[in-house]
């Protein structure tokens with residue numbers, strides 16, 4: 001049996017790639033012969049372990065060969081969208097990441113439910129991303145257990161009284177190593193990061209979300225002041241109510 005050095009999967013001796021993560025079980029001598037004219041399937045490579053043997057032309061898929069493209073987002077955008085959308089963007093990010101690793105790691109799993117319960121499966125997602133990074137020999141500092149515990153703990157802090165529950169908005173912090181790792185994976189596979197600018201409709205959503213977030217912060221720190229009217233308005237309102245009652 002051949003054991004994969006990246007995911008630990010046991011494979012038959014006849015296999016050249018891992019049946020789980022598709023990483024080469026043996027390192028052949030690879031020399032680039034020509035670029036595939038079709039483009040979508042990657043590059044045609046001349047692979048042979050013994051130079052005296054006849055070369056074997058195979059096609060190694062590049063990132064463009066996958067049906068699900070990489071979803072990359074700059075770190076600052078991930079933080080901004082997470083804050084102003086109140087976790088909704090994190091669910092979307094979980095969904096895109098699970099679709100990405102499902103195809104590249106040949107997983108048989110439901111991406112919808114793993115995204116819906118993203119926090120509970122954040123540790124598993126971290127492990128799958130680590131497999132992608134290890135396959136490209138990309139250094140990282142991802143600890144799946146730490147990410148899982150940190151994310152769930154921050155979510156649970158929503159039960160704290162005002163204003164301490166606000167710390168639950170920082171659930172994006174444990175996910176930052178995953179975002180950075182995927183961005184490095186994109187650079188390694190020559191997949192460009194999206195442009196830094198924000199579209200007009202994104203600007204509107206960010207402004208609306210920022211206003212709502214600011215209101216929530218004020219409410220958490222000053223709940224009574226957020227509802228109280230100025231003294232003059234309270235007096236006039238009370239006078240109107242009393243006069244209305246007298247008329248009746």
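Tell me yes or no: at least one residue of region 177-190 is outside any helix (DSSP H, G or I) and modelled with pLDDT under 90. Walk me through it before giving the result.
Within region 177-190, the subset outside any helix (DSSP H, G or I) is 189-190.
Restricting the remaining residues to those that are modelled with pLDDT under 90 gives 189-190.
Checking region 177-190: at least one residue is outside any helix (DSSP H, G or I) and modelled with pLDDT under 90.
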- Item | Top-ranked residue of region 157-166 - restricted to ones that are free of Cβ contacts under 8 Å to residues at least 40 places away in the same chain and touching a helix residue (DSSP H, G or I) at 6+ places or on another chain (Cβ under 8 Å), ranked as nearest to residue 9 (Cα to Cα) | 157
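Name the one entry in 149, 145 that is part of a helix (DSSP H, G or I), touching a helix residue (DSSP H, G or I) at 6+ places or on another chain (Cβ under 9 Å) and surrounded by 14 or more Cβ atoms within 10 Å (Cβ to Cβ). Walk me through how you get there before you give the answer.
Details: 145 fails: surrounded by 14 or more Cβ atoms within 10 Å (Cβ to Cβ).
So the residue among 149, 145 that is part of a helix (DSSP H, G or I), touching a helix residue (DSSP H, G or I) at 6+ places or on another chain (Cβ under 9 Å) and surrounded by 14 or more Cβ atoms within 10 Å (Cβ to Cβ) is 149.
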- Of all residues in region 116-129, which are outside any loop (DSSP other than H, G, I, E, B) and either in contact (Cβ under 8 Å) with a residue 24 or more places away in the chain or not assigned by TED's automatic domain parsing to the domain that holds residue 101 (or both)? 116, 122, 123, 125, 126, 128, 129
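Do we find a residue being surrounded by 14 or more Cβ atoms within 10 Å (Cβ to Cβ) and without any contact (Cβ under 8 Å) to a residue 40 or more places away in the chain anywhere in region 131-140?
Narrowing region 131-140 to residues surrounded by 14 or more Cβ atoms within 10 Å (Cβ to Cβ): 131-135, 138, 140.
Checking which are without any contact (Cβ under 8 Å) to a residue 40 or more places away in the chain leaves us with none.
Looking for residues that are surrounded by 14 or more Cβ atoms within 10 Å (Cβ to Cβ) and without any contact (Cβ under 8 Å) to a residue 40 or more places away in the chain, one finds none in region 131-140, hence no.
The values are calculated or read from the model by the stated rules, or taken from the named source; none is laboratory data. All of these numbers come straight from a predicted model, not from anything done at the bench. Glycine gets a Cβ as well: all are built from the backbone with ideal geometry, and neighbour counts include every protein chain shown.
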